[in-house]
Amino acid sequence: MKPAPFAYTRPTTIEEALIALASDPYAKVLAGGQSLVPLLSMRLAAPALLVDINGLAELETIHVSEAGEGVVRIGALARHAAVEADEDVRRVQPLISNALKLVAHPTIRNRGTTVGSIVHADASAEMPAVLMLLDGSVTVRSVDGERTIGVHDLFVGPLESSLAPNEIAVSAQFPALAEGTGVACDEVARRHGDYALCGVAAVVGVDGAGAVTSARAAYWSMGDVPVAVDLTEAFVGGRLSDEHLAAAAELALPHLEATEDIHATADYRAQLARVLTRRVVRAAYDDAVARRETNS
Ligand SMILES: Cc1cc2nc3c(=O)[nH]c(=O)nc-3n(C[C@H](O)[C@H](O)[C@H](O)COP(=O)(O)OP(=O)(O)OC[C@H]3O[C@@H](n4cnc5c(N)ncnc54)[C@H](O)[C@@H]3O)c2cc1C
């Protein structure tokens, strides 16, 4: 199929883009086009106007700040591939690069944007869940000004974010890896590069004696929105064993919505969540211990 007719504009400043977006309630932002163009072609979206932001070089920036607690700020036009390859991003918050490796194929990552993926709000996508796990935020602008939306107020429902129709997301902020913590992520997909049947990312804190001080995991493809769950209480006395990891997985399950579709039964998805929770939390723990050893 071909898209329904639409008007198109490619502004050269963010102010022009905001005015164009405000001019039509049925306007949509076009970033990498890796989600929007298929939706247009299948006529699942039919905006009256496309505001192409690819001419706004000021949104291509990736900024890493190590001051205070540290933050990685990714501009709205930074492509997945550029973020994944950025050494400073990898050093300050390695979970971003780790998770981007799981996003689609290199060709799609060359074009698709990390911020576009977040505001597209697909609960099967990796980066919304990573932002949720890390307690990040998105900064948006409109003709009325700028605001920053905390991740817990961002995802409203399936493919629905809390951005107003006249707002452009200009950046996403991911807190840096805290001292004494480690991260990991993994997923199971039918084919490499497909959206996952279930995906898990975790951040685990350890003390100098190797005891678990905190454990959180976030899940994708397990409900209408990404879900983050605090698993710390499963690690009684800070200990980590197969039994504790199994307890952590059971703690997470009631928060997840394992659904059935043509790819997998609900039971299979729930089992993936169990297996991946055990695997990913263990890997995040190992990462935390290894970082402590390197830094000591
Ligand atoms: C075959 C295939 C496989 C894929 N597999 C995966 C996968 O495994 N995991 C995954 O996460 N993604 C996957 N993707 C999607 C890919 O990551 C997209 O790049 C991403 O979801 C959207 O980013 P984009 O820049 O392409 O946004 P676009 O497609 O341009 O836009 C998507 C939506 O977000 C809105 N939008 C985008 N940027 C902004 C902004 N700055 N401000 C306001 N609104 C904005 C658009 O209006 C649109 O509604 C896949 C895509 C394809 C084609």
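I need the shape label for segment 7-52. Rule: rounded when a/c is under 1.5, else prolate if a/b > b/c, else oblate, with a, b, c from the alpha carbon gyration tensor. Because a/c hits 1.5 or more and a/b fails to exceed b/c, segment 7-52 counts as oblate. Size descriptors for segment 60-175: radius of gyration and Dmax over Cα atoms are 13.1, 37 Å.
Suppose the chain between VAL156 and SER142 were pulled fully straight at 0.36 nm per residue; how much longer would it get relative to their current alpha carbon spacing? Mind showing how you got there, number by number?
Details: separation 14, 0.36 × 14 = 5.04 nm, distance 1.95 nm.
Result: 3.1 nm gained on full extension.
Relative to one another, the C-alpha centroids of segment 92-167 and segment 234-296 are positioned 23 Å apart.
In Å², what does the accessible area per residue of segment 60-175 work out to with a 1.4 Å probe?
Working: 4530 Å² over 116 residues.
For segment 60-175, the per-residue accessible area is 39 Å².
Rounded, prolate or oblate: which fits segment 1-108 when a ≥ b ≥ c are the square roots of the eigenvalues of the alpha-carbon gyration tensor, with rounded for a/c under 1.5 and prolate only if a/b beats b/c? Oblate, because a/c is 1.5 or more while a/b does not exceed b/c.
So how do 21-28, 172-179 stack up, highest first, on mean other-Cβ count within 10 Å? Can you show the working numbers first?
Numbers: 21-28: 16.8, 172-179: 20.6.
Going from most to least packed, we get 172-179, 21-28.
Over the residues of the chain, the helix contribution to mean residue ellipticity at 222 nm works out to -9500 deg cm²/dmol, using -39500 (n - 2.57) for each DSSP H run of at least 4. Surface exposure of segment 181-295, expressed per residue as accessible area with a 1.4 Å probe, stands at 47 Å².
If R0 is taken as 30 Å, the Cβ-Cβ distance between THR107 and SER23 corresponds to a FRET efficiency of 0.35.
What's the local net charge at LEU30, with K and R +1, D and E -1, over the other residues with C-beta under 11 Å away? Please list the in-between numbers first.
Values: positive: ARG10, LYS28; negative: ASP52.
Here the charged neighbours net out to +1.
The packing ranking, built from the mean of other Cβ atoms within 10 Å per residue, places the peptides 157-166, 256-265, 224-233 in the order 224-233, 157-166, 256-265, highest first. Here the accessible area is traced with a 1.4 Å probe on the protein chains. For the chain, carbon and sulfur cover 52 percent of it.
The values are calculated or read from the model by the stated rules, or taken from the named source; none is laboratory data. Source: prediction; values computed, not measured. We place every Cβ from the backbone using ideal geometry, glycine too, and count neighbours over all the protein chains shown. For accessibility, only protein heavy atoms count, side chains too; no ligands or nucleic acids. Shrake-Rupley method; radii C 1.70, N 1.55, O 1.52, S 1.80 Å.
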